[in-house]
Amino acid sequence: MSSTFDTVANIIAETCDIPRDTIKPESHAIDDLGIDSLDFLDIAFAIDKAFGIKLPLEQWTQEVNDGKATTEQYFVLQNLCTRIDGLVAAKGA
Amino acid sequence: MRIEYFQLIDRITALNLADKTIRTEAIVPKTSTIFEGHFPGYPLMPGVLLIESMAQTSGWLIIGLTNFERMPFLAALKDVKLRTFVSPGDELALSARLEHDGSGFAVVEAEGRVKGKIVCNATITFRIVPFPNPQFRNFMQEFAARIAFPMETVGHV
């Protein structure tokens with residue numbers, strides 16, 4: 001997870017011009033880092049490319065809107081990285 | 001090209017869903033009220049409309065790839081280059097290639113040429129959402145027919 005976090009944090013820092021040292025595993029991308037939905041498209045694009053996956057943003061958004069999940073489950077970075085690791089593992093299975 | 005109606009491409013000349021590419025063409029009209037202001041005595045195709053031409057070309061590619069199930073909306077532009085002037089009467093040849101198919105978004109590389117020379121290019125991000133209503137989808141289907149969208153290339157009936 002640590003290398004995944006480093007990759008994601010570097011992507012966020014570069015994409016959103018956020019100081020790298022302010023990006024922590026417990027940071028919430030929206031609430032703590034102030035990333036809006038359009039910026040998150042850039043981040044998703046970079047994550048998809050970096051890990052060879054397709055983040056299911058539509059599904060996540062739907063689950064949040066339906067009250068079936070919280071934004072913390074997807075947008076706190078350590079949780080996001082866990083999901084990225086899961087998608088990478090599923091791809092290789 | 002009917003600038004005043006925001007119809008910025010005239011015809012789809014090629015759509016390859018396997019390669020995720022499209023080519024379109026458009027002739028810049030020789031007269032338009034837009035040229036009266038842009039600019040008096042020196043008419044030029046506005047750069048923002050060149051960008052829109054690339055976006056519309058890219059949009060038809062996405063509509064084809066999503067089989068008329070989803071509508072792309074312009075969300076972001078990167079690395080936009082307006083390389084030279086485009087004038088009334090010029091014939092624009094536009095093309096686009098899907099760079100990334102994301103979840104609810106797509107990134108496309110697009111460019112425009114006049115007489116083989118590149119005049120504009122951009123990386124364009126679209127949000128892709130289901131058509132908000134059947135009427136909108138029907139309008140796009142009817143519009144597609146008018147610009148020679150090759151319906152046989154998609155599963156759409």
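What follows draws every value from the coordinates through simple rules; no lab data is involved. Owing to the predicted nature of the structure, the values given are computational and were not obtained by experimental measurement. Here Cβ is always computed from backbone atoms with ideal geometry, including for glycine, and neighbour counts include all displayed protein chains.
Here are a few things to note about the model shown:
- Contact map, segment B:128-157: first residue within 22 Å of B:L8 (Cα to Cα), second residue in a helix (DSSP H, G or I) and charged (D, E, K, R), Cβ cut-off under 7 Å, separation 6 or more or different chains; pairs are B:F131/B:R137.
- Residue ID - nearest to the other protein chains (Cβ to nearest Cβ), chosen from residues in segment A:59-93 that are more than 19 Å from A:F5 (Cβ to Cβ) and surrounded by 15 or more Cβ atoms within 10 Å (Cβ to Cβ): A:T61
- Scanning segment A:16-52 for residues that are crowded, with 17+ Cβ neighbours inside 10 Å and within 12 Å of chain B (Cβ to nearest Cβ) gives A:D39, A:F40, A:L41, A:D42, A:I43, A:A44, A:F45, A:A46, A:I47, A:D48.
- Residue in segment B:61-72 that is over 13 Å from the mean Cα position of the chain (by Cα), of a type outside the set (S, T, N, Q), farther than 23 Å from A:F45 by Cβ and surrounded by fewer than 15 Cβ atoms within 10 Å (Cβ to Cβ) present: no
- Given (1) part of a helix (DSSP H, G or I); (2) within 29 Å of B:L98 (Cβ to Cβ); (3) not small (G, A, S), index of the condition A:D21 fails: (2)
- Any pair with Cβ under 9 angstrom, 6 or more apart, that starts in segment B:101-116 at a residue that is under 23 Å from A:W60 (Cα atoms) and within 14 Å of another protein chain (Cβ to nearest Cβ) and ends at one that is basic (K, R) and not in a strand (DSSP E or B): B:D101/A:K54; B:D101/B:K20; B:G102/A:K54; B:S103/A:K54
- Exclusive hit being among the aliphatic types (A, V, I, L, M) and farther than 20 Å from B:T125 by Cα, set A:A29, A:A50: A:A29
- Conditions (1) over 12 Å from the mean Cα position of the chain (by Cα); (2) free of Cβ contacts under 8 Å to residues at least 24 places away in the same chain; number of the one not met by A:D31: (2)
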